[in-house]
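*Asks:* Below is one structure. I have some questions about it.
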Amino acid sequence: MPAIATVALLVRDYDEAIAFYCRKLRFDLVADQPLGGGKRWVLVAPRATAGARLLLARADGPAQLAAIGRQAGGRVGFFLETEDFARDHAAFLAAGVRFREAPRREAYGTVAVFEDLYGNPWDLIEPNSKS
C-alpha cells in the first residue's frame, strides 16, 4: 500500500527552519540539495522514525508568504508522536519551544500543543496504545 512519505511545510528561510527542527526538536537533516535559483530540497525527519518527513519549502510569492504560520488555518495540523512524553516535553521546554498549554491526559493519550518557529500549532502526543 502507498504511504504518506513527505509533507511540505512553508518556511520563510531554509536555514532558520533547519535550525529549529534539528536543534530544538532534534530532527535529523535528511537532505539539503541545491535546486538552482536559490531553491533547495530540504528534508527533515524525527530521529529513528519510519514516519513522514517534512519538506521545508521556502515560500515563493505573496500567497505562500501569507500562509507561513497558518499552514492548517490556525488549527493543529501536525502531530508528533513520542513513546516518552515527559522526556520530550522537558527537552523541548529546555530548548525554548513554546507550548500553548500544560500537558493533559485525553482518552487517546497524553498531549500538549506547541508552536513551531512560525507559530504553526503541533501536538506532542504519547498515544495510550499504537493502533
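*Asks:* Could you give the length gained on full extension between ALA86 and GLU115, defined as 0.36 nm per residue of separation minus the Cα-Cα distance, in nm?
*Replies:* The ALA86-GLU115 span can extend by a further 8.7 nm.
*Asks:* Within 15 Å, Cβ to Cβ, of THR6, how many net charges do the neighbouring residues add up to if Lys/Arg are +1 and Asp/Glu are -1?
*Replies:* Neighbourhood net charge equals 0.
*Asks:* Report which label in [x] -0.58, -1.00, -1.26; [y] -0.59, -0.94, -1.12; [z] -0.65, -1.06, -1.27 holds the value of log10 I(q)/I(0) by the Debye sum over Cα atoms at q = 0.14, 0.18, 0.20 Å⁻¹ derived from the coordinates of this structure.
*Replies:* Checked against the structure: label [z].
*Asks:* While we're on this one: So, in nm, how far is label ALA3 from label ARG104 when the simple model puts each one 7 Å beyond its Cα toward the Cβ?
*Replies:* Spacing of the two 7 Å Cα→Cβ label points: 3.2 nm.
*Asks:* Could you report the accessible area of ILE4 in Å², rounded to 10, computed with a 1.4 Å probe on the protein chains as they sit in the structure?
*Replies:* Roughly 130 Å² of ILE4 is accessible to a 1.4 Å probe.
*Asks:* Something else now. Taking the Cα centre of region 64-131 as origin, work out the dipole magnitude from +1 charges on Lys and Arg Cβ and -1 charges on Asp and Glu Cβ, in debye rounded to 20.
*Replies:* With Lys and Arg at +1 and Asp and Glu at -1, about 220 debye.
*Asks:* Follow-up question, since we're still on this one. Mind giving me the nanometre distance, one decimal, between the label points for ASP15 and TRP41, set 7 Å out from Cα along Cα→Cβ?
*Replies:* In this crude label model, ASP15 to TRP41 measures out at 2.3 nm.
*Asks:* Anyone know which of ARG53, ARG98, ARG75 comes out most mobile in the 10 Å Cα GNM of the chain?
*Replies:* Looking only at ARG53, ARG98, ARG75, the largest GNM fluctuation is found for ARG75.
*Asks:* On a 0 to 90° scale, report how tilted helix 85-94 is relative to the longest principal axis of the chain, with both axes built from alpha carbons and the result rounded to the nearest 10.
*Replies:* Approximately 50 degrees, to the nearest ten.
*Asks:* Also: Normalising by the residue count of region 46-131, find the relative contact order in percent from Cα pairs under 8 Å and 6+ residues apart.
*Replies:* 30 percent
*Asks:* Ok, one more. I want to verify a result. In a Gaussian network model of the chain, Cα cutoff 10 Å, which of these has the top mean-square fluctuation: GLY74, GLY96, GLY61?
*Replies:* Answer for the Gaussian network model of the chain: GLY61.
*Asks:* Also, quick follow-up: Can you tell me which of PHE92, PHE79, PHE27 moves the most in a GNM of the chain? Springs connect C-alpha atoms under 10 Å apart.
*Replies:* PHE79
*Asks:* Using just the helices of the chain, give the 222 nm mean residue ellipticity in deg cm²/dmol: DSSP H runs with n ≥ 4 each add -39,500 (n - 2.57), and the total is spread over all residues, rounded to 500.
*Replies:* -4500 deg cm²/dmol
*Asks:* What list of ³J(HN,Hα) values in whole Hz, one per residue of region 62-75 in order, does the Karplus curve 6.51 cos²θ - 1.76 cosθ + 1.60 (θ = phi - 60°) give from phi, with Gly and Pro shown as x?
*Replies:* After applying 6.51 cos²θ - 1.76 cosθ + 1.60, I find x, 5, 5, 4, 5, 8, 4, x, 10, 3, 10, x, x, 9 Hz.
*Asks:* Run the numbers for ALA94 and VAL76: contour at 0.36 nm per residue of separation, minus the present Cα-Cα distance, in nm.
*Replies:* In short, 4.3 nm is gained.
*Asks:* What accessible area per residue comes out for region 38-109, rounded to a whole number of Å², with a 1.4 Å probe?
*Replies:* Per residue, region 38-109 has 62 Å² of solvent-accessible surface.
*Asks:* Here's a follow-up. Looking at region 1-96 only, what percent of DSSP beta bridges run antiparallel? Nearest 5 please.
*Replies:* 60 percent
The values are calculated or read from the model by the stated rules, or taken from the named source; none is laboratory data. Given the structure is predicted, the values throughout are model-derived calculations rather than measurements. Using ideal geometry, Cβ is built from the backbone for each residue, glycine included, and neighbour counts are taken over all protein chains shown. Quick note on the areas: whole protein, heavy atoms, side chains included, nothing else; ligands and nucleic acids left out. Shrake-Rupley method; radii C 1.70, N 1.55, O 1.52, S 1.80 Å.
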